[in-house]
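Take a look at the structure set out below.
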Amino acid sequence: MSTPREPGAPGTDPGAPAGSGPAAPPGAPFEETPWRRLDPRTLLVHCGWMAAPLGSLALTALATGGRINTEAWITLAAISASFAVLTTLGLIRWARTEFRITIPRRGEGAGGASPTFDVRSGLLTRRLRSVPLHRIRTVDLTATPVHRVLGVTVLRAGTAGSGDGSSELSLEALAVPEAERLRTELLAYADAEAVANDPVVARINWRWLRYAPLTFWVIGGVFVVAGGAYRALDGIGIEAWKLGFVQRAFTEFGASALWLTIPAALVVILALGSVGAVVLYVENWWSYCLEWTDSRTLRVRRGLLTTRAVTIERARLRGVVLREPLLLRAGGGALVRAVAGGLGNREENRKRSGLLPPAPRAEALRVAGGTLRSPFPGSAAPAALTPHPRVALRRRRVRGLLFVVLPGTAVLAGLGAAFTPVLLHCAWIYALVTTALSLWLARDAYRNLGHGLDGPYLVARSGTFSRDTVALQRDAIAAWTFSTSPFTRRAGLVTLTAAVAAGEDGYRIPDLPAADAPGFATTAAPGILEEFLVRPGPAPVPGQRAR
């Protein structure tokens with residue numbers, strides 16, 4: 001790989017303007033390309049960290065009637081000193097960060113050189129990173145509310161093999177028009193042949209909002225917000241439990257009829273959670289559009305306050321996952337995620353891999369098929385997947401009874417025997433309810449188990465709280481992992497994991513028959529296990545003694 005020389009190196013034109021980069025001597029493989037800098041508003045973006053401490057000081061002053069103690073003045077001084085230091089470092093970083101796209105000259109001098117994306121940065125130690133454009137797989141534009149107010153965005157270019165984020169190139173921050181132009185330049189060498197069908201796979205439909213409350217956030221989001229508010233108040237020295245209106249609310253709640261107040265509290269939590277889930281849905285999926293920008297590039301655009309535009313190269317798209325959480329599945333909905341390389345580490349992959357928000361299941365199947373450019377495997381006949389043996393159902397029933405029913409019943413019974421007989425009644429009621437629930441969930445989890453092959457795809461389905469159906473390209477499987485425990489070995493089962501350099505890195509097929517797993521793995525991805533398999537020998541000749 002050829003990289004441009006640093007300014008001041010031999011061959012640099014001393015008369016060139018500052019920041020224009022080295023001049024290319026005659027016959028050099030690369031054309032002279034000027035270096036570009038980040039937007040100066042980058043400095044203002046780095047000042048956004050002051051919002052939290054200054055907000056805490058303002059709340060403290062408001063809570064104390066304007067009286068600021070010595071600790072607050074020390075905090076303010078520390079903020080001022082930090083602002084001066086970080087602003088200076090940010091100014092140096094902005095001045096020392098440059099980027100450009102280097103295009104090879106046409107003709108014999110170019111040789112095997114390819115266009116590269118060059119980024120040089122560093123305060124004390126200068127670093128030059130030069131990546132061929134053909135290795136760039138995704139281009140992500142992300143803008144937080146601070147970025148949007150300032151009219152800038154962050155550009156991240158994911159490359160082949162950047163699953164851990166170490167090979168990712170990031171520029172913060174660029175003006176939005178400049179970022180759009182740079183993304184177009186980075187993807188200019190993709191195949192520009194127009195797609196045969198409609199390039200737009202899906203757009204937002206606000207009737208899908210009815211699926212927003214059917215997620216974890218309808219309940220969990222309330223407690224997350226409450227916990228965040230408690231930590232914020234505790235951080236500025238306010239003890240929430242000692243506030244007068246909080247104590248009065250708990251006193252009145254305990255003095256009222258619990259058979260009325262508890263259901264009312266649950267209704268309030270559900271109402272608040274539903275509103276929060278709808279707001280979060282709108283913020284995440286505003287202006288959502290999934291489209292093929294050309295025959296090799298899939299792009300997802302979405303976001304209201306924080307905008308996101310993720311581009312996935314088709315060559316790195318290894319499959320899709322049809323995800324159906326329990327509540328969403330009960331409402332007839334589903335969502336779709338991509339199995340693709342170059343989307344960063346696990347946390348970044350979860351943020352970038354979303355292809356469809358919670359929507360009707362029929363729409364999810366259509367979007368999954370549009371992403372694969374073929375019908376989603378198993379959508380026409382879900383029952384075509386191979387079921388798993390009945391012993392898998394027994395294992396799920398036993399796990400539910402041992403880890404859910406038995407511990408809770410034993411604790412309630414022990415407390416009842418030690419303190420009050422009321423808890424003894426709670427124990428048998430808990431045992432009855434959780435036994436029925438565990439058996440039902442075990443049955444549902446077993447019915448969801450299935451695996452099979454559909455043309456070029458391996459299809460695996462499992463889960464009850466979140467039923468996931470993954471369609472994975474068979475030629476993308478790099479390795480197999482066989483996992484067992486003493487209990488699964490006794491039951492004759494094995495968990496088979498397909499390792500791929502994309503998505504979650506591995507996709508499980510739980511509780512396969514141990515005798516069938518090697519054959520299935522060999523059929524799904526030939527060439528990986530053959531040397532480890534023991535082939536049966538020829539049948540012995542009658543009357544011949546075995547040696």
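How much of R203 can a 1.4 Å solvent probe reach, expressed as accessible area in Å² and rounded to 10?
140 Å²
Rounded, prolate or oblate for the stretch 295-366? Axes are the square roots of the Cα gyration tensor eigenvalues, ordered a ≥ b ≥ c, and the cut-off for rounded is a/c under 1.5. Walk me through the intermediate numbers first.
Values: a/c = 1.78, a/b = 1.50, b/c = 1.19.
It comes out prolate by the Cα gyration axes.
Using a 1.4 Å probe on the protein heavy atoms, what percent of the accessible area of the stretch 412-547 belongs to carbon and sulfur? Could the numbers behind the result be given before it?
On the way: 5030 of 7980 Å².
Here it works out to 63 percent.
If you count only protein heavy atoms and use a 1.4 Å probe, how large is the accessible surface of E531, to the nearest 10 Å²?
150 Å²
Please arrange F487, F117 by accessible surface area, largest first, computed with a 1.4 Å probe and ligands excluded.
F487, F117
Order R301, R183, R210, most accessible first, counting only protein heavy atoms with a 1.4 angstrom probe.
R210, R301, R183
In what sequence, largest accessible area first, do E313, E252 appear using a 1.4 Å probe?
Details: E313 20, E252 120 Å².
If we order E313, E252 from most to least accessible, we get E252, E313.
The values are calculated or read from the model by the stated rules, or taken from the named source; none is laboratory data. As the structure is a computational prediction, the values presented were derived from the model and not from experiment. Remember, those area values only see protein heavy atoms, side chains included, never the ligands or the DNA or RNA. Shrake-Rupley method; radii C 1.70, N 1.55, O 1.52, S 1.80 Å.
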